[in-house]
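Worksheet: one structure, shown below.
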Amino acid sequence: MKYSFYILLVVLLISCDATRKVPSGSYLLNKVRINTDTKGVSESDLKPYLRQKPNSSMFIFGKVKLHAYNIPQNDSTWLNRQFLKYGEPPVLYSDRLTGLSMEQIRLQLGNKGYLNAEVDTVVEKKARKANVIYEVTGNEPYLIRTFKDSIYPVDSTIYKILDEKKRINTVKEGDVFDLEVLEDGRIMITNELRNNGYYNFSKENFYFLADTAVGTHQVDLTLGLNNPTDSTLHNRYRFGEVIVNNGVSSTILQDSSKHYLLDTVQFRDIKVVQERKKFMLPQAIFYNTFIRPNRVYSDQLVERTYSSLNRLGSVSQTAINLIPVVVNDSNYINANISIYPGNMHFMQFGIDGTNSAGDLGIAADATYEHKNILKGGETFRVKLNGAYEFITASDSASLIDKSYYEYGVEAFLSIPQLLLPWVMKQLKDQPSASTEFSVGANFQNRSEYLRQFFNLSSRLQWSSRNWQVNNVVEPLDITYVRMPWMSEKFRNAYMNDSINPILKASYEEQMIVRTAYNVTYTNVSSGQLPRRLPFRIRAGVEVAGYLPRIAAAMGGTRKNPSGREMLLGIPYAEYVKTDFDFAPTYRWSDKNTLAGHFALGVAYPYGNSIVLPFEKRYYGGGANSVRGWSTRTLGPGTYNNDSLGYDFANKTGDIKLDMSLELRRKLTKLFELAGFIDVGNVWTIKDYNSQPGGYFNWNSFYKELAAAYGLGVRLDLNFLLVRVDLGMKAHNPALPEKKRWTVFRPDFHRDFAFHFAIGYPF
């Protein structure tokens, strides 16, 4: 019923007069615009201070709610009452509210350092509608001539904690005298102190003294400190006694007659209260609790403890009660921490229908998860999956002419601490630390071949104390690709270096023994103010083949007929791969965001490998790449061979470059519109005969960059973002050089690509 009503609205609003219910002698506030010449203060910055705004407007359809309100003549019928209920009465122009808006804008400009700002209005009245234009003249701003502080005489300890850099960075000499910047500075240094023992400290303890009488448009600024009325100094705290309630039920805690069922154990320097049948091991609690006796009090440590305990799947809730106490004239914070058990077992079943190029299939999976299998917050997971696809024969030359199936199993164990006894104590205390192990197998059974994958991997992960840096180390990852059988037809067509070495490399037996390190950095820190220009940097490197190479040097290997060295009778891959990813985001208003992305990846096969393993090669196109192309259809370089229907292996490369700009605008709380431009491609680092035009050349690669543009619609459900992107090719390097700019000659069938995805593209 609700959606039917909205459809009816759209039909009726077209014929509805916006001023229908505007009283005689009054004017509908139609449009409001702010013209400002003030540097650093835009129209969007001043709009929140308007005391009168026009009726709300909906993208494309305009003032739908106003038109809905104007449709009924009275409220006597149910339908008319619905229009009035969902509608919005006309906003009438008011001289008084316009004057108040002028004053509020003037005050805000004063807060931004433009103390002599002028605000005037131009009101255009025509056809019972009023358009208001605010003309803002900032005039010369007041600048900070000198900046100093008077903290040392008041509290020398705080002065030393807030070293010169932290104090001076609050504001800078020569900057505009901006009260919002000063307020942000107070918050920043307050957070610094609260992370250095000052439990009761607030921003109100700091103040600024401004002297504007020193000269024309100049301010001498002093940062001052107030001490509490009952003390000459602010109290600095350390953590005292730490007691953890290890999943003890509230009924036992509240009934003293049942306390005999409890057991108190001391692990390191924390006390753990638990039942005889303990919920979690004390050592697991210790390594995920960063509140420790004698540590200087810190808001970050409290937050890290919350986060680290709550991320354990076995914990449903964490409560921390902080109690200030004085012991021998020293100030301490005692902490009572309670962790509550959650559901330990998890089962999930899934089934999907697939359609790949007209070939129908079905896939299913089953997952079982235990979230506290060893009583240390460990997550153990077993996943079974299977798929069956009905493939239709195309022609007599087709190698893929029968149905196939695949199935697999994976076991995964995550331990919420770093299992490296030799690492530094400081490293063990990092938040979000975990050690992970996985083992899996996958089997592909086709009429042309039987292909098997076996994988064994390990992974260490931890974050910095402020969560700005996340580290991932994969000490050892072993993948074994086995081809126990293939048809002669398939072997003759694909397993021949002279025909297609890349396709051969994709299907031959090999072992990949790799080590990798990845790091992610963001300039957004816990406890810091939101940044106007947040960004994320990711970088990584992986090396494969060094362990088999060491074995080869020790005489533990032999060569196969193709001349490749083998370990345990299996050829092994050798390559090095590096990746870099930079994604800044600029928000200039609540509704508008400009997001950028730059990604570069380079991989080089060497020694025992002529070609990168297929799974490690780069591909272009898709929902997170150049969106004018479908997944794995772009490149490499100018390569184009549409005559090959089964050309996925050749649509890959050793070098990848992706660049994007995306303008995002919030339409409503749920919906977001985006316009984007994507540029990029993939190339090969070696000149392969099977990929003509794919070789990377410094002198010509820029001519081979693919470009796309398009629009996207996003549905933001807070916990999930659903994305639909419509991309069009603008520059297609696969076409002849003089015909590559398809933006001037678009062909919808050739140039359009549709993408459905979850989450932002970068």
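The values are calculated or read from the model by the stated rules, or taken from the named source; none is laboratory data. Keep in mind that what you see is a predicted model, and the values were worked out from it rather than measured. Please note: Cβ atoms are built from the backbone with ideal geometry, for glycine as well, and neighbour counts cover all protein chains shown.
Quick look at the values:
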quantity: Close pairs (8 angstrom Cβ cut-off, 6 or more residues apart or separate chains): modelled with pLDDT under 70 in region 553-564, surrounded by 10 or more Cβ atoms within 10 Å (Cβ to Cβ) anywhere; calculated: G556/L567; T557/P548; T557/A551; T557/E565; T557/M566; T557/L567
quantity: Residue in region 108-120 that is surrounded by fewer than 16 Cβ atoms within 10 Å (Cβ to Cβ), hydrophobic (A, V, I, L, M, F, W, C), out of contact with any Leu (no Cβ under 7 Å at 6 or more places or on another chain) and in contact (Cβ under 8 Å) with a residue 12 or more places away in the chain present; calculated: no
quantity: Filter result for L109 (modelled with pLDDT of 90 or more, outside any loop (DSSP other than H, G, I, E, B) and either assigned by TED's automatic domain parsing to the domain that holds V122 or charged (D, E, K, R) (or both)); calculated: yes
quantity: Verdict on D263 being in the same structural domain as F177 (by TED's automatic domain parsing), surrounded by 12 or more Cβ atoms within 10 Å (Cβ to Cβ) and charged (D, E, K, R); calculated: no
quantity: Helices (runs of 4 or more DSSP H) (entirely within region 148-259) containing at least 1 residues that are within 35 Å of the chain's Cα centre (by Cα) and at negative phi; calculated: 156-161, 164-168, 179-194
quantity: Odd one out for G563, checked against (1) of a type outside the set (A, V, I, L, M, F, W, C); (2) outside any strand (DSSP E or B); (3) under 30 Å from G675 (Cα atoms); calculated: (3)
quantity: Pairs, first free of Cβ contacts under 8 Å to residues at least 40 places away in the same chain in region 127-154, second in a loop (DSSP other than H, G, I, E, B) and surrounded by fewer than 20 Cβ atoms within 10 Å (Cβ to Cβ), C-beta under 8 Å, six or more apart; calculated: N139/N116
quantity: Qualifying position, being out of contact with any Cys (no Cβ under 7 Å at 6 or more places or on another chain) and within 18 Å of Y152 (Cβ to Cβ), among N200, N191, N195, N169; calculated: N169
quantity: Unique residue being surrounded by 15 or more Cβ atoms within 10 Å (Cβ to Cβ) and of a type outside the set (S, T, Y) when the list is R750, R745, R714; calculated: R714
quantity: So T631, is it farther than 30 Å from V41 by Cα and without any contact (Cβ under 8 Å) to a residue 60 or more places away in the chain; calculated: yes
quantity: Odd one out for F762 among (1) in contact with a helix residue (DSSP H, G or I) (Cβ under 7 Å, 6 or more places away or on another chain); (2) not in a strand (DSSP E or B); calculated: (1)
quantity: Number of the exception - G40 against (1) modelled with pLDDT of 80 or more; (2) in contact with a Pro (Cβ under 9 Å, 6 or more places away or on another chain); (3) part of a loop (DSSP other than H, G, I, E, B); calculated: (1)
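Okay, residues lined up against (1) in contact with a Gly (Cβ under 6 Å, 6 or more places away or on another chain); (2) farther than 30 Å from R106 by Cα; (3) at pLDDT 90 or above:
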| position | (1), (2), (3) |
| --- | --- |
| S156 | no, yes, no |
| N169 | no, no, no |
| F177 | yes, no, yes |
| D184 | no, no, no |
| L193 | no, yes, yes |
| K203 | no, no, yes |
| D211 | no, no, no |
| G215 | no, no, no |
